[in-house]
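The values are calculated or read from the model by the stated rules, or taken from the named source; none is laboratory data. Here the structure is a predicted model, which means the values were calculated and not measured. Heads up, the Cβs are rebuilt from the backbone with ideal geometry, glycines too, and the neighbour counts pull from every protein chain shown.
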Amino acid sequence: MMKNKPDEEDYWNSSKFKAFTFDDEDDEFSRLKESKQAVNSIRSLVEEEDDEDEVEKVSWSGEPVGSISWSVRETAASNQKTQREHAFPKINASSPSVSRSHSGYSLSSLFKGKTKPGNFQPFTDSLSESSVKLYAPELRKPKSESKDYISDWSPEETIHRMQQGKVVSLERFRSLQDKLLLLDFSVRAHDGNIITAVILFTLTSIIRVLFRELESRQTALRHFIHYLTEIRDHRLLLELLSKRRDFLKSCLNLPFSPEESAHVQDHYTLLERQIIIEHAGKVEIFQKFPRRASILNMPLITTLYYCCFYHYNEPEGTYSSPLNIRHTFRISEKQYFVTVLAARAKLKAWSDLDALFTSRNWLGFTKKKSPLSFHRVVDILQKNSAPTQVLQEYVGLVDDADLRIGLAQKHKCHDIVINTYRDLKDRQLLLGYRGKVERGSAEERKINDLLDSPHIRWKN
Amino acid sequence: MAHSGRRDSPELPDFSLLKRLARDQLIYLLEQQHEVDKLYKVEYKPIISTSDQVCFLIRPRIQTVKWIYVANADKAAGKFRRYKIIFTPQKFYACEAVLEEQGLFGDVTTDEWAFYLLPLDDDIISLELPEFFRDNFLAGDQRWVRTVGSALHLLHSIYGPFSKIYGIGRCAKMAYESWKEQVEEGDTKARQAEIGNAFLIDRDVDYITPLCSQVVYEGLVDDIFRIKCGCVEFGHDVTSSDKSVKVMLNSQDKVFSEIRNEHFSNVFSFLSQKARNLQTAYDKRRGMDIKQMKTFVSEELKGLKQEHRLLSLHIGACESIMKKKTKQDFQELLKTEHSLLEGFEIRECISFIEEHINRQVSMIESLRLLCLLSITENGLLPKDFRALKAQYLQSYGVDHLLTFANLRQLGLLVEQQPGETLTVMESKVGKLVNDKTAGKLTDAFSSLAKKSHFRALSRKLNLVPKSDEEYDLRVPRDMAYIFSGAYIPLSCKLIEQVLERDSWTGLEEVTKLLNGHEFAFTDLRAKSDAQRIILVMFLGGCTFSEISALRFLGRERGYKFIVVTTAITNSSRLIEALLGNKV
């Protein structure tokens, strides 16, 4: 340990350290300074809180540090020596480091990181010193491979070697400052693999400070979050899912934005509803139209559709009544209409649709109204194979004459076509249309009658 | 079809070398293992094999590595096997950490298969990394940046050096730096350059293009049947038999290569013409004497039969496309998209989208339209945003709250912030006054808003041709033909502009609207005759429509483009990558 001390001084003051320079120096230096400030502030924090024990655990005595950092080196080594692989499963956190002296690993370096406050000073010096120097490109070059100990790699070199899959030793990055320096270099290398690795192997052991540090390091933070998302325990998540309702209830207390918590609240209510609806209803209709799936966990509109299908005529007071659902969840008129339309059309309950669209004005006259344009209504009806009479009624309600006639022709609503041509007094079109209807049908007769009629003054 | 193009278009380099290299390396890796019995697809279930060693070939994903742990249950049963995982294209420390955590490190050894580039066609190379998009842009995980750098390095060392590199986007810049570093590490030999310039572009520079419905044949086939690794499976509705058939779609398919870049409306007439020609060729055999017949059978018949098979396949595909598209009101959908691109009749568009959601039509399609609306309009008005979001959640499930969060994070679907309404005003004012004043106004306003600037970009780059002019899709006059003449893809337009100017100079306002991150580097040592061969690399995926547009540009300007992409994408893949409803 003592022997190594001068080396260390040498290292910090050597030109090699100054050599890792960047093109955009200002930016990077402010970054490094940031690390340093952050570190210093933490140190004071830590000391203030009198958290000595924590600090100790963080540095070496803790087992996780050993196992994690080992893995990096072992990983790399395993590529070179496959015959050793049988020894690997036995490696565990508690196995002492001495046993792997064969890897060219120096004991002194192991304790290097433990040199505490004194270590900061030379680093600072070298930083401020180098900041005034000119960064000649040739200074970056010498990456000599002839070093005695692999532990002597600078942070930059370490990152570089990791990228190439070469052996590295992360043990020497013991102080928070060193760890963060390493992290900043990994971010600079734009290599997610390495960023995650550095967090994993050197930083998870200090998880408590980590979050605070990562706040100012967005890139690294996102890598950590992504890693955590990826390693999540899926069995636990499945368990959570089966307890989804309770889970959501607990979510309600989480800080969702007001708008979003309304959605979550709605979802909770919906799940409660679905449990009731799942077991409600008359047997006959279910026998006639067996259900394909359970309604649990389905979206709201699907639930509404289900209720329109199986519980349409129930009084509004029941939970499964479509009207009740509409009011509870503040479903828009259009959305409600579309869903009722789809469900009742599926059942071919045309009279229900009639009632749905009919509104009565104050004089008692009835009128068909729809929040959805009638040509869409026709489209939905047609997709549910509505009979021509039904289609005809709704095609007739389409306002736009061109659209109406187009739809009428498409769906063979002959009466509408014929009447429109009659109203247009267009003899030629009517003649043309006669060729399209069936021979000897009522439509053909109607056209002939019109053509023979003396009361119409044709325009052509 | 009848595209003459310029005569001086250069020849593309031969990319089959890439395949050979990758294959040889894999064979070498597998032969190191003795007697590789069978390659298994890694799934969440145990492996039944009598062999005492098992080898997995996987992408470096933690989830997949965990599956191997499950498959490895026989360790508990006291059975000893040797396991090997070959990660491709490289291994990640995090994956190995998982093995260590599971106590499997050592029982399982690992290796790498450096397979970076899969040539899908003469001019398309894919990294086959669809996860790149989500990892990089949504999670902000840069794990693939070096991979992209390595892929570029590989291309560079075989076909380079490139004389110029242009790029735009944060990731493009990082990939460039990573590549540069790798070049410095290795020794560079002077070699004949087969690729002149390279252009790197991030997907997030242009989200509009991949969100539009594709109407060029190849893109349409991808939208409907999903082309995987240059291969498509046509179901029984196409083959009109009870068997489905897998077809390679590339320039080897003589029928396909002629229609792939065509607007769909031209494809039918082309195919029927082709069918008539074929008939004539068959008919030739009538009145032949024996000798002529012999030559016919030995020389022509095989080719004709092949063509016949391909022709009927593509006719079948067209019919199936037509059927599907008429069923979903494709015409109206396109009309809505075009209105959004033009910024015209926005209220009608909104109510179209609303109905789409109300009717629970495709969940993906609804999101796609919402995103298009948001990007073109620079965010939705708070009132619209809340109403549409609420209806979406009611129709497709509240789990999509997470999807909405993801989309917001990428800026794909956002609510207008107060103050941003200024840009709406700006675009209105901009329409009234002449361009010069509009430019000044934009400058004044751009400090106020940071988000998507589609309208301003569209005006500056002329992305939306005037709609009152007839656009003859048979004789396309610009790249807009790939969207029925309604829109020139922003990504391709940028490439065109930079190549034309030979730099970013003059595009400062455009790059400012795109959030900058543009770069250009010249390698003075690299002098080559291959200046007209241009490698375009899409980080985060590109669509077949974009490839068609670049091919068109190449024909017009005498370039040859090589498209390198992290994966082929389209609107569905893009949106699916951002869904958050699967917990």
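Filtering the stretch B:114-152 down to residues that are among the charged types (D, E, K, R) and touching a helix residue (DSSP H, G or I) at 6+ places or on another chain (Cβ under 8 Å), which residue is farthest from the other protein chains (Cβ to nearest Cβ)?
Pass one, the stretch B:114-152, residues among the charged types (D, E, K, R): B:121-123, B:128, B:131, B:134-135, B:141, B:143, B:146.
Next cut, touching a helix residue (DSSP H, G or I) at 6+ places or on another chain (Cβ under 8 Å) only: B:123, B:135, B:141, B:143, B:146.
On the way: B:D123: 28, B:D135: 7, B:D141: 4, B:R143: 3, B:R146: 4 Å.
The qualifying residue farthest from the other protein chains (Cβ to nearest Cβ) is B:D123.
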Do we find a residue being more than 19 Å from B:R59 (Cα to Cα), more than 10 Å from every other protein chain (Cβ to nearest Cβ) and modelled with pLDDT of 70 or more anywhere in the stretch B:82-92?
no
Of all residues in the stretch B:140-178, which are assigned to a strand (DSSP E or B) and among the hydroxyl-bearing types (S, T, Y)?
B:Y166
Subset of the stretch B:83-101 (residues that are in contact (Cβ under 8 Å) with a residue 40 or more places away in the chain and assigned to a loop (DSSP other than H, G, I, E, B)):
B:P89, B:Q90, B:F92
Lone unmet requirement of (1) exposed (fewer than 12 other Cβ atoms within 10 Å of the Cβ); (2) over 30 Å from B:G554 (Cα atoms) for B:S265:
(2)
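Output the number of residues of the stretch B:202-237 satisfying the condition of being among the acidic types (D, E) and farther than 30 Å from B:A456 by Cα. Please lay out each step first, then the result.
Quick first cut of the stretch B:202-237, residues among the acidic types (D, E) only: B:202, B:204, B:206, B:218, B:222-223, B:233, B:237.
Next, from what is left, pick out any that are farther than 30 Å from B:A456 by Cα: B:218, B:222, B:233, B:237.
Residues that pass the stated criteria total 4.
Hey, any hits in the stretch A:317-333 for a residue that's β-branched (V, I, T) and crowded, with 17+ Cβ neighbours inside 10 Å? Talk me through it step by step, then tell me what you get.
Of the residues in the stretch A:317-333, the ones β-branched (V, I, T) are A:318, A:325, A:328, A:331.
The next check asks that each one be crowded, with 17+ Cβ neighbours inside 10 Å; those that pass are A:325, A:331.
Yes: the stretch A:317-333 contains one or more residues that are β-branched (V, I, T) and crowded, with 17+ Cβ neighbours inside 10 Å.
Quick check on my filter: what residues within the stretch B:151-190 are of a type in the set (S, T, Y) and surrounded by fewer than 21 Cβ atoms within 10 Å (Cβ to Cβ)?
So in the stretch B:151-190, the residues of a type in the set (S, T, Y) come out as B:157, B:159, B:163, B:166, B:176, B:178, B:188.
Scanning the stretch B:151-190 gives B:S157, B:S163, B:T188.
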Among the candidates B:E508, B:E556, B:E576, B:E546, residue that is closer than 17 Å to B:L127 by Cβ and of a type outside the set (V, I, T):
B:E546
Going by what's in this entry, would B:I350 be described as under 30 Å from B:M248 (Cα atoms), of a type in the set (A, V, I, L, M, F, W, C) and either out of contact with any Leu (no Cβ under 6 Å at 6 or more places or on another chain) or more than 14 Å from chain A (Cβ to nearest Cβ) (or both)?
no
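Take the conditions at pLDDT 80 or above and away from every other protein chain (no Cβ under 14 Å) and apply them to A:E316. Does it pass? Don't jump to the end; show me each part of the working.
On the way: at pLDDT 80 or above: yes; away from every other protein chain (no Cβ under 14 Å): yes.
When the stated conditions are applied, A:E316 passes them.
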For the stretch B:94-113, name all the residues that are among the polar types (S, T, N, Q) and either closer than 27 Å to B:D24 by Cα or within 9 Å of another protein chain (Cβ to nearest Cβ) (or both).
B:T109, B:T110
Quick one: count up the residues across the stretch A:333-342 that are in contact with an Asp or Glu (Cβ under 9 Å, 6 or more places away or on another chain) and either more than 10 Å from chain B (Cβ to nearest Cβ) or closer than 18 Å to A:L270 by Cβ (or both).
2
Identify all residues within the stretch A:262-303 that are in contact with a Ser or Thr (Cβ under 9 Å, 6 or more places away or on another chain) and more than 14 Å from chain B (Cβ to nearest Cβ); write none if there are none.
A:I276, A:I277, A:E278, A:A280, A:G281
The number of residues in the stretch A:165-183 that are at pLDDT 85 or above and within 14 Å of chain B (Cβ to nearest Cβ) is 2
Among the residues of the stretch B:565-575, is there at least one that is within 11 Å of the chain's Cα centre (by Cα) and in a strand (DSSP E or B)?
yes
Filter the stretch B:364-400 down to the residues that are in contact with a helix residue (DSSP H, G or I) (Cβ under 6 Å, 6 or more places away or on another chain) and surrounded by fewer than 20 Cβ atoms within 10 Å (Cβ to Cβ) and list them by number.
B:I364
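Identify, from the list B:F561, B:F519, B:F552, the residue that is touching an Asp or Glu at 6+ places or on another chain (Cβ under 7 Å), of a type in the set (F, W, Y) and not in a loop (DSSP other than H, G, I, E, B). Talk me through it step by step, then tell me what you get.
Values: B:F519 fails: touching an Asp or Glu at 6+ places or on another chain (Cβ under 7 Å); B:F552 fails: touching an Asp or Glu at 6+ places or on another chain (Cβ under 7 Å).
Answer to the check: B:F561.
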Go through A:S453, A:S373 for me and flag whichever is among the small types (G, A, S) and more than 47 Å from the chain's Cα centre (by Cα).
A:S453
Yes or no: B:R285 among the basic types (K, R) and in contact with a helix residue (DSSP H, G or I) (Cβ under 8 Å, 6 or more places away or on another chain)?
yes
Name the helices (runs of 4 or more DSSP H) wholly within the stretch B:332-438 that hold at least 1 residues that are farther than 25 Å from B:N581 by Cα and at pLDDT below 90?
B:421-432
Going by the conditions given, is B:E131 surrounded by fewer than 19 Cβ atoms within 10 Å (Cβ to Cβ) and assigned by the TED database to the domain that holds B:V536?
yes
B:R7 passes all but one of the listed conditions (1) farther than 30 Å from B:E556 by Cβ; (2) at pLDDT below 85; the exception is number (1)
Failed condition for B:L200, given (1) buried (at least 24 other Cβ atoms within 10 Å of the Cβ); (2) within 11 Å of another protein chain (Cβ to nearest Cβ), with all others met?
(2)
